[in-house]
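Engineer: Before I ask anything, here is the structure I am working with.
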Amino acid sequence: MGSPVLRLVAQRIALGILLLFAVSVLIFAGTQILPGDVAQSILGQSATPEALANLRKELGLNDPAIVRYFSWLGHLLTGDLGTALTTRQEISATLLPRLWKTLFLASWAAIVSIPLAIVLGLLAVRHRNGPIDKMISGFALASTSLPEFFIGYLLIYFFAVKLQWLPAISTVYDSMPFLDKLKAIVLPATTLVLVVLAHMMRMTRAAILNVMQSAYIETAELKGLSAFRIICKHAFPNAFAPIVVVVMLNLAFLVVGVVVVEVIFVYPGMGQYMVDHVAKRDVPVVQAAGLIFAAVYIGLNIVADIAAILSNPRLRHPK
Amino acid sequence: MAMAQAKPQRESDILLDIRDLEIKAAIYSPDEKPRDVTIVDGVSVQTKPRGESDILLDIRDLEIKATIYSPDEKPRDVTIVDGVSLTLKRGKVLGLIGESGAGKSTIGLSAMGYGRGGVRITGGEVFLNGRDILKAGVQGLRRLRGREVCYVAQSAAAAFNPAHPLMDQIVEAALMHGVASRAEAEKRAVALFKKLGLPDPDNIGKRYTHQVSGGQLQRVMTAMALCSEPDLIVFDEPTTALDVTTQIDVLAAIKDAIRDTGVAALYITHDLAVVAQVSDEIMVLRHGKMVEYGETRQIIEAPRMDYTKALVSVRSVEHEEKKPTDKPVLSVRNVTAAYPGGQIKVLQDVSVEVHPGQTLAIVGESGSGKSTLARVITGLLPPTFGSITFAGRTLPPKLADRGRNDLRELQMIYQMADVAMNPRQTVGTIIGRPLEFYFGMRGRERDARIAELLDEIEMGKGFIDRYPAELSGGQKQRVCIARALAAKPKLILCDEVTSALDPLVADGILKLLLRLQKIEDVAYLFITHDIATVRAIADSIAVMYRGEVVRYGSKTQVLTPPFDAYTDLLLSSVPEMELGWLEHAIKGRRMASAGH
Amino acid sequence: MLNLKRIPTGALLGLFFTALFLFAAIFAPLIAPYSMSQIVGDVWGPISAEHLLGTDSLGRDLLSRMIYGARTTIFIAALATALSFSLGAILGFMAAVVGGLFDMVVSRFVDLLMSIPTLIFGLVVLSVLPSTIVTLILVMGILSSTRVYRLARAVAVDVNAMDFVEVAKLRGEGTRWIIFREILPNALSPLVSELGLRFIFSVLFLSALSFLGLGVQPPEADWGGMVKENKDGIVFGIPAALIPAAAIAALAISVNLVADWVLTRTTSLKGGRD
C-alpha cells in the first residue's frame, strides 16, 4: 500500500468533513436567515407582541446569526442536538432510537436489493440486446418514473387489504420479537427495494458492460480461458470499484427514499419524525434530522470514492 | 541401452517424441576395466509429421458478416469479408495488407475462430493443424486459443489487464493449457524478454501496465504470445501506434523472435513497407475481398493488379524544391514556450522561416513540440520569449490582440477533419462563413465563390448542402482545405493533415495541396512525423527533438549526410519498400531508440 | 421529414399520453364535468356513470379533481423546470466559456448543494418558509438547476475543446457566435433529453411534498395532495388514492419515453456511431 493512496484517502476524508461543516452552515442558514420568523411560526398569527418577544429571547433569536451558529455547532459536536420547540424534550432522546429504526429498515432493503441488482445487471449484460435485457431496461424505465407512494399503496392495497397477508401499518417497538419486526417491515422494505432496484441495476449493467468491452477481456478470451476464469480473474477486479460506487450512490438514494416510505407505512423512523416537525415548524428538530440525513449521505459518497481510489492499480502501484 | 518413445501426444500433431534420452556405451580397452561412457545425455526431440500437415493454416472461401444496429432502422447485415482463401505453411509469415475497412483484422481473428462485436463467420472453412476450427465448438476453440494460436494486439497498453502484474498474464495461457509449470513458464518468459531486448528482463514481469512504455509493452505482448509456444501468432498492427524510431526496434525484435522460434505468423498492417520486412508472402485486401496474393518479392517488385501498384508507388509524389527568397512570409525568432503552470519548456529557442509560396516541413516524433509551435504561431499559446513576424509585421503574442487581417492571412488545417468541422453545419456554411466574415460576401456572390472553391478541391457544388457526417475521410479534409483557402491566406499551418488517412487518400490530399500552392501562391508550414510526406512536399525542413530544432535548412541540405545523431536515427527508421531494409537499417544505427 | 411510421411504439405512446395530460391541464374548466370543490355525492362513492372515477374523501367528483389537479401539477412542475433550466444552462455555459474564478465559485457551490439530498434540503427550507406556489417553484427550480448546471457545463466544456471551436476562435469570431452557433447546436440533444428528466423530477418532487402535506395546500389540490386526502381509504379497500398516484406515474413514464426517444434520435443525427 503506497503512500499516494493513503494521502488520497486522507484527502477525501478531510474533504468530506469540510463538506459536512459547509452543509451545517447551509442548513443553519436555510432555517435562520431566510425570511421567515421562527417565533411567529410557532405562536401563529394571533400571538401578542410580548409573547413573541419572550420566545425570541428564550430561543436566542436576538443574538447575531454567527453567534447562534457557533453555539449550535458547539452543542452538536458534544452530542447535544438541542431541545424540541414543540415538546420541550431533548431531541437526541427521541431521535436516536428512531435513527436505528430507519437504519434497520434501510439495511434490509439494501441486503435484498444489492445482490438482486447485481445479478439482474449481470443477466442484462449476458443477454445484451436480447428480450431479457429489453425487459429489464423497460422495467427500469418504468420504475424510475413511479412515485414511492404509488408502489407503497399498491402493495398495501393488494397484500394488506385484499389478501391480508401482511400488516398495512408497520408498527415496530423495541420489545417486539425479531421475526415480527421483519414481518412488519416486509412491505416498506419491498417498496424501497423496488424504488432503488431499477436504478442500481441500470448502473451496474453499464459498469459491467464497460469492463466487458475492454480490450483485456478480449485478450483473455483469445487466451482460451474459461468464462468463469475471465469473469473472476479479469473482469471482477476491474468491475469491483464501479459496482461499489453504484451501490453506495444508491444506498444514499435509499436513505432519502426512506422519508416518504416511512410516512406511507406510518413507520416510527427518523423520516416520519422529520416530516412531522416540518409541519409543526419545529426548527431545531428539522435541523438535527436534516444534518444527520446529510451526514449519512455524504458518508456513503466518501465510501464510494475511497473504494474507487483503493481499487485503482495506478494508485496502488505508482511508477 | 536406448529409451525412445514414439507415441504421438495429440493426433497428427507429433510424429516422433523423444524424451530425456540417455545413451551409454561400454568401452572395452585392453589396459583398463570396461567402463561406460555417456554418449547422449538428456536429449528430447519432437518432430511433427511431414506431408499434408506441412500446411498449418488453410482458410477456404471465408465469408464474414456483421450486424449493424442504428436507432432509426432495423438491424441489417453487411458483408465484411467475402470469399477469401489462403494457406500458411509452418514457420512462414503471411502479411495481410489493406486500408481501413479492408477486413484484414477480421480475417486474422477468424484464424482464432473469433469475431469482434457483432461479427460472425457465416461461411467457409478454417483449418488449423488439419482440423476445421469453425466446427470445434466453444470448448474446442478454447483449447486452441492461447495454445496453438496466440494474438498480439495493436494497443498492448489496453490489452493487458491493469489490475494484475504483467508476468501473471504472460504465463496465464501456458498454465491454463497445461503447457508448462509456473516456474518453467516464467523462466521461458524471462528468456523471451531477453531475446526481445527488453530492459531488466528479470524484473519487468513484476510491473503493471501503466509502469511500462508503449514500445516495451508491445514486446511484452509478443513474449506473452510466444510463451505457450504456439504454432501461429496473429500480429494485428503491432507497431502502428508507435513512434517511428520505436517502431523499428519492435519490428526487428518481432522478426528475430519469429525466426528463432520457428512460429508461423499472420502479420496485419496497413503499411506495405513494414510488412515487406517481415513476411514471406503478402495478401492485398480491399473492401473485404482479395486483390492480389503472392511472394513478398513479387508483390513489391512486380505487382500485377492496379491497386497493388498504387500501394507500392504510394508516396511517390514528387516536387521540385524552390530556392528561398529574401523576404520570408513568416519568421519565428528564438521562441521559447511552456504550458501555463508547467515548468517544462515545450519549445526552446526555436527559430524558423517560411518563404512565400513555399513549404516548410516541421518533422519530429510525439513530444518533440512540433504541434506546440503551431499553437504559438496562431497565438493560442503566447510564448514566454521570442517573437513572430508575419508578412512584415510583428504579431502580438496573444490571439485576442491580433487584427482581423492577421487572422485571415494565417489559416490552419487539422489532423482530425471530423472534429475540425461543426457537425451541425453544412459544407456550404462551413466554407461560406469565412467569406461572410472576412469579405462580407452574401447571397449569390457567396454561393458562386463556394462553388468555385468546391471545384478547386475537386468535389463540385453538389456537396454544398451535405453535412460532414455524409462525407468520406478524404472529402472532409478537402472541405477543411477549402475553408482555409476561402480566407485567401498567405500561410496555412497544416498539422499532420494526412496522418489519419489511408495512404492512397493521403497521396491525393498531398497532390491537391501542391497544386493549390501553385495556383494560389500560398505558403505551408507542414507539421508531420512522416519523412516520406516531407520528401513529397517540402522546400525546407526543420527537424525537432525534445522542443528544439536540431537540424534546419533546405530539403537537400537536411536530407544529405553527414547527419547529426537524431536526424540519422529518424531517417534510418522510416521503413522503405525494399527487401532487407530492416537488417540494413538496424546495423547502421548510431543512436539507440529516441523514445525510451 | 418526420415520418410517423419511424417513431417507435413506445415513443408514440409517450407522445399520446403527454399530449392527453397537457390537453386536460389546459382545458380543465371546459372538460371537467363538475367543479373542483363542489360536494356532489357520498364519501368515497364507487365508480358510476355519473362519477367515472367515483368520489373522494369529502364526496367531490374525483375525475373533475383529477383534471384540475393535472393543471396544478403540470403548471408548477413546468415553471420549476423552466427556472431550473434557464438558471442551470446559462450558468453552466458561462462557467465553461468564461472559466476561471467564476467557474470555480459556482461549481463549488453547486457541489455543496448537491451534497445534501434534494428532498431533505427541501424539507429544511419548507420548515421556515410558507408553502406557497411561488416558494415551491423557487425551491424546486433552484435545487433542480444544480444538475442542469453540471450537465450544461460538462457538455459545453467538451464542445469547447473541439477543433471546430478553435477554428472559429482563430477566425476571430466573438463569444456570442461561439456560444450560439458553435456550442449550443451541439449541446442541444443532451440538454433536450435532460429537460424531460428535469420535468419528471419536478412532478415527482412536487407530488412527494404535497403527499407529505408540505406542498400545495388545500383547498387547491394537485395529484400528490389528492393521494394524501384519499390515503386513509386504502385500508378499507377503497382504491381512490391509487388513481392520482397512477396518473403521476403515467405522466412520468410518458415524458420519459419521449425524452428517451429524443435522445437516441438526436444523437444518431450527429453521425457518430457511439
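The values are calculated or read from the model by the stated rules, or taken from the named source; none is laboratory data. All of these numbers come straight from a predicted model, not from anything done at the bench. Please note: Cβ atoms are built from the backbone with ideal geometry, for glycine as well, and neighbour counts cover all protein chains shown.
Engineer: Being hydroxyl-bearing (Ser, Thr, Tyr) and under 24 Å from the mean Cα position of the chain (by Cα) is the requirement here; does C:Thr55 meet it?
Structural biologist: Values: hydroxyl-bearing (Ser, Thr, Tyr): yes; under 24 Å from the mean Cα position of the chain (by Cα): no.
So C:Thr55 does not fit the description; no.
Engineer: For the condition more than 14 Å from every other protein chain (Cβ to nearest Cβ), buried (at least 17 other Cβ atoms within 10 Å of the Cβ) and closer than 30 Å to B:Leu96 by Cβ, what is the one hit in B:Leu192, B:Leu217, B:Leu232? Before the answer, list the steps.
Structural biologist: On the way: B:Leu217 fails: more than 14 Å from every other protein chain (Cβ to nearest Cβ); B:Leu232 fails: more than 14 Å from every other protein chain (Cβ to nearest Cβ).
Matching residue, one of B:Leu192, B:Leu217, B:Leu232: B:Leu192.
Engineer: Then there's this: Can you name the condition, by its number, that A:Val278 falls short on among (1) within 14 Å of chain B (Cβ to nearest Cβ); (2) without any contact (Cβ under 8 Å) to a residue 12 or more places away in the chain?
Structural biologist: Against the list (1) within 14 Å of chain B (Cβ to nearest Cβ); (2) without any contact (Cβ under 8 Å) to a residue 12 or more places away in the chain, A:Val278 comes up short only on (1).
Engineer: For A:Leu81, work out the one condition from (1) of a type in the set (A, V, I, L, M, F, W, C); (2) within 16 Å of A:Ser24 (Cβ to Cβ); (3) free of Cβ contacts under 8 Å to residues at least 12 places away in the same chain it doesn't fulfil.
Structural biologist: If we test A:Leu81 against (1) of a type in the set (A, V, I, L, M, F, W, C); (2) within 16 Å of A:Ser24 (Cβ to Cβ); (3) free of Cβ contacts under 8 Å to residues at least 12 places away in the same chain, just (3) comes out false.
Engineer: Also, quick follow-up: Does B:Gly403 meet the test of being over 32 Å from the mean Cα position of the chain (by Cα), of a type outside the set (Ser, Thr, Tyr) and within 14 Å of another protein chain (Cβ to nearest Cβ)? So that I can check it myself, show each step before the final result.
Structural biologist: Numbers: over 32 Å from the mean Cα position of the chain (by Cα): yes; of a type outside the set (Ser, Thr, Tyr): yes; within 14 Å of another protein chain (Cβ to nearest Cβ): yes.
Answer is yes for this residue.
Engineer: If we scan segment C:157-164, do we find a residue that is more than 14 Å from chain B (Cβ to nearest Cβ), touching a helix residue (DSSP H, G or I) at 6+ places or on another chain (Cβ under 6 Å) and not acidic (Asp, Glu)? Full working, then the answer.
Structural biologist: Taking segment C:157-164 first, the residues more than 14 Å from chain B (Cβ to nearest Cβ) are C:157.
Narrowing further to those that are touching a helix residue (DSSP H, G or I) at 6+ places or on another chain (Cβ under 6 Å): C:157.
Now drop any that are not not acidic (Asp, Glu), which leaves C:157.
For segment C:157-164, residues more than 14 Å from chain B (Cβ to nearest Cβ), touching a helix residue (DSSP H, G or I) at 6+ places or on another chain (Cβ under 6 Å) and not acidic (Asp, Glu): present.
Engineer: Also: Got a sec? Which of C:Ser115, C:Ser107 is farther than 22 Å from C:Ile253 by Cα, at pLDDT 85 or above and under 27 Å from the mean Cα position of the chain (by Cα)? Walk me through it before giving the result.
Structural biologist: Numbers: C:Ser115 fails: at pLDDT 85 or above.
So the residue among C:Ser115, C:Ser107 that is farther than 22 Å from C:Ile253 by Cα, at pLDDT 85 or above and under 27 Å from the mean Cα position of the chain (by Cα) is C:Ser107.
Engineer: Something else: Looking at B:Thr372, B:Thr384, B:Thr389, which one is surrounded by 20 or more Cβ atoms within 10 Å (Cβ to Cβ), touching a residue at least 12 places away in the same chain (Cβ under 8 Å) and assigned by TED's automatic domain parsing to the domain that holds B:Ile527? Steps first, please.
Structural biologist: Working: B:Thr384 fails: surrounded by 20 or more Cβ atoms within 10 Å (Cβ to Cβ); B:Thr389 fails: surrounded by 20 or more Cβ atoms within 10 Å (Cβ to Cβ).
Sole residue among the options that is surrounded by 20 or more Cβ atoms within 10 Å (Cβ to Cβ), touching a residue at least 12 places away in the same chain (Cβ under 8 Å) and assigned by TED's automatic domain parsing to the domain that holds B:Ile527: B:Thr372.
Engineer: Conditions: (1) under 27 Å from A:Val259 (Cα atoms); (2) part of a loop (DSSP other than H, G, I, E, B); (3) of a type outside the set (A, V, I, L, M). C:Phe121 meets all but one. Number of the miss?
Structural biologist: All conditions are met except number (2).
Engineer: Go through C:Ser86, C:Ser145 for me and flag whichever is more than 14 Å from chain A (Cβ to nearest Cβ), in a helix (DSSP H, G or I), in contact (Cβ under 8 Å) with a residue 60 or more places away in the chain and among the small types (Gly, Ala, Ser).
Structural biologist: Numbers: C:Ser86 fails: in contact (Cβ under 8 Å) with a residue 60 or more places away in the chain.
So the residue among C:Ser86, C:Ser145 that is more than 14 Å from chain A (Cβ to nearest Cβ), in a helix (DSSP H, G or I), in contact (Cβ under 8 Å) with a residue 60 or more places away in the chain and among the small types (Gly, Ala, Ser) is C:Ser145.
Engineer: Determine, yes or no, whether C:Ser207 is under 30 Å from C:Pro46 (Cα atoms) and either within 17 Å of the chain's Cα centre (by Cα) or not in a helix (DSSP H, G or I) (or both).
Structural biologist: Details: under 30 Å from C:Pro46 (Cα atoms): yes; either within 17 Å of the chain's Cα centre (by Cα) or not in a helix (DSSP H, G or I) (or both): yes.
Answer is yes for this residue.
Engineer: With (1) surrounded by fewer than 20 Cβ atoms within 10 Å (Cβ to Cβ); (2) without any contact (Cβ under 8 Å) to a residue 12 or more places away in the chain; (3) over 24 Å from C:Val262 (Cβ atoms) as the list, and C:Ile178 as the residue in question, which single condition is left unmet?
Structural biologist: Answer for C:Ile178: the failing condition is (2).
Engineer: Mind checking whether some residue in segment B:116-138 is closer than 30 Å to B:Gln216 by Cβ, in contact (Cβ under 8 Å) with a residue 40 or more places away in the chain and in a loop (DSSP other than H, G, I, E, B)?
Structural biologist: So far as segment B:116-138 goes, yes, one or more of its residues are closer than 30 Å to B:Gln216 by Cβ, in contact (Cβ under 8 Å) with a residue 40 or more places away in the chain and in a loop (DSSP other than H, G, I, E, B).
Engineer: Taking segment C:227-254, which residues are touching a Ser or Thr at 6+ places or on another chain (Cβ under 8 Å) and more than 8 Å from chain A (Cβ to nearest Cβ)?
Structural biologist: Answer for segment C:227-254, where residues must be touching a Ser or Thr at 6+ places or on another chain (Cβ under 8 Å) and more than 8 Å from chain A (Cβ to nearest Cβ): C:Lys228, C:Glu229, C:Asn230, C:Asp232, C:Gly233, C:Ala240, C:Leu251, C:Ser254.
Engineer: Please enumerate the residues belonging to segment A:218-251 that are of a type in the set (A, V, I, L, M), farther than 20 Å from A:Ala308 by Cα and in a helix (DSSP H, G or I). Break it down into steps so the answer makes sense when it comes.
Structural biologist: Pass one, segment A:218-251, residues of a type in the set (A, V, I, L, M): A:220, A:222, A:225, A:227, A:230-231, A:235, A:239, A:241, A:243-249, A:251.
Subset that is farther than 20 Å from A:Ala308 by Cα: A:220, A:222, A:225, A:227, A:230.
Result: A:Ala220, A:Leu222, A:Ala227, A:Ile230.
Engineer: Any residue in segment C:209-221 that is in contact (Cβ under 8 Å) with a residue 24 or more places away in the chain and within 11 Å of chain A (Cβ to nearest Cβ) sitting within a Cβ distance under 9 Å of a residue that is of a type in the set (A, V, I, L, M) and in a loop (DSSP other than H, G, I, E, B)? List the pairs, counting only those 6 or more apart or interchain.
Structural biologist: C:Leu209/C:Val216
Engineer: If you scan segment A:26-56, which residues turn out to be at pLDDT 75 or above and away from every other protein chain (no Cβ under 14 Å)? It would help to see each step written out before you state the result.
Structural biologist: So in segment A:26-56, the residues at pLDDT 75 or above come out as A:26-29, A:48-54.
Residues satisfying the conditions are A:Thr48, A:Pro49, A:Glu50, A:Ala51, A:Leu52, A:Ala53, A:Asn54.
Engineer: Within segment A:70-86, track down each residue that is loosely packed, with under 13 Cβ neighbours inside 10 Å and not in a helix (DSSP H, G or I).
Structural biologist: Those that are loosely packed, with under 13 Cβ neighbours inside 10 Å and not in a helix (DSSP H, G or I): A:Thr78, A:Gly79.
Engineer: Regarding segment A:298-307, can at least one residue be identified that is assigned to a helix (DSSP H, G or I), touching a residue at least 12 places away in the same chain (Cβ under 8 Å) and at the interface with chain C (Cβ under 10 Å from one of its Cβ atoms)? Walk me through it before giving the result.
Structural biologist: To start, the set of residues in segment A:298-307 that are assigned to a helix (DSSP H, G or I) comprises A:298-307.
The next check asks that each one be touching a residue at least 12 places away in the same chain (Cβ under 8 Å); those that pass are A:298-307.
With at the interface with chain C (Cβ under 10 Å from one of its Cβ atoms) added as a condition, the list becomes A:298, A:301.
Yes: one or more hits.
Residue by residue, here is whether (1) among the charged types (D, E, K, R); (2) touching a Ser or Thr at 6+ places or on another chain (Cβ under 7 Å) holds:
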position	(1), (2)
C:Ile120	no, no
C:Ile137	no, no
C:Val148	no, yes
C:Ala154	no, no
C:Glu182	yes, no
C:Phe201	no, yes
C:Leu204	no, no
C:Ala221	no, yes
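Engineer: Next up: Over 20 Å from the mean Cα position of the chain (by Cα), in contact (Cβ under 8 Å) with a residue 12 or more places away in the chain, part of a helix (DSSP H, G or I) and under 22 Å from B:His584 (Cβ atoms) - does that describe any residue in segment B:269-276? So that I can check it myself, show each step before the final result.
Structural biologist: First, the residues of segment B:269-276 that are over 20 Å from the mean Cα position of the chain (by Cα): none.
There is no residue in segment B:269-276 that is over 20 Å from the mean Cα position of the chain (by Cα), in contact (Cβ under 8 Å) with a residue 12 or more places away in the chain, part of a helix (DSSP H, G or I) and under 22 Å from B:His584 (Cβ atoms).
Engineer: Only helices (runs of 4 or more DSSP H) wholly contained in segment A:103-193 count here; list those with 1 or more residues that are within 11 Å of chain C (Cβ to nearest Cβ) and touching a helix residue (DSSP H, G or I) at 6+ places or on another chain (Cβ under 7 Å). Working first, answer last.
Structural biologist: Numbers: elements: A:131-145, A:148-155, A:178-184.
Because the criterion is at least 1 residues that are within 11 Å of chain C (Cβ to nearest Cβ) and touching a helix residue (DSSP H, G or I) at 6+ places or on another chain (Cβ under 7 Å), the helices (runs of 4 or more DSSP H) in segment A:103-193 that meet it are A:131-145, A:148-155.
Engineer: For the subset of segment A:228-261 comprising residues that are over 29 Å from the mean Cα position of the chain (by Cα), of a type outside the set (Val, Ile, Thr) and more than 9 Å from every other protein chain (Cβ to nearest Cβ), which member is surrounded by the most Cβ atoms within 10 Å (Cβ to Cβ)?
Structural biologist: Restricting attention to segment A:228-261, the residues satisfying the condition of being over 29 Å from the mean Cα position of the chain (by Cα) are A:228-234.
Add one more test, that the residue is of a type outside the set (Val, Ile, Thr), and what stays is A:228-229, A:232-234.
Filter once more, keeping what is more than 9 Å from every other protein chain (Cβ to nearest Cβ): A:228, A:232.
On the way: A:Phe228: 8, A:Cys232: 12.
That would be A:Cys232.
Engineer: Okay, moving on. Restricting to segment C:23-57, name every residue that is touching a residue at least 40 places away in the same chain (Cβ under 8 Å) and assigned to a loop (DSSP other than H, G, I, E, B).
Structural biologist: Of everything in segment C:23-57, those that are touching a residue at least 40 places away in the same chain (Cβ under 8 Å) and assigned to a loop (DSSP other than H, G, I, E, B) turn out to be C:Met36, C:Ser37, C:Trp44, C:Leu53, C:Gly54, C:Asp56, C:Ser57.
Engineer: Can we say C:Met94 is closer than 17 Å to C:Phe180 by Cα and among the aliphatic types (A, V, I, L, M)?
Structural biologist: Details: closer than 17 Å to C:Phe180 by Cα: yes; among the aliphatic types (A, V, I, L, M): yes.
It is true that C:Met94 is closer than 17 Å to C:Phe180 by Cα and among the aliphatic types (A, V, I, L, M).
Engineer: Here is a list: B:Ala241, B:Ala257. Which entry is in contact with a Ser or Thr (Cβ under 7 Å, 6 or more places away or on another chain), at pLDDT below 90 and more than 14 Å from every other protein chain (Cβ to nearest Cβ)?
Structural biologist: Values: B:Ala241 fails: more than 14 Å from every other protein chain (Cβ to nearest Cβ).
Just one listed residue meets the conditions, B:Ala257.
Engineer: For segment C:123-134, name all the residues that are surrounded by fewer than 17 Cβ atoms within 10 Å (Cβ to Cβ) and within 12 Å of chain A (Cβ to nearest Cβ).
Structural biologist: Once the filter is applied, which keeps residues that are surrounded by fewer than 17 Cβ atoms within 10 Å (Cβ to Cβ) and within 12 Å of chain A (Cβ to nearest Cβ), segment C:123-134 yields C:Pro130, C:Thr132.
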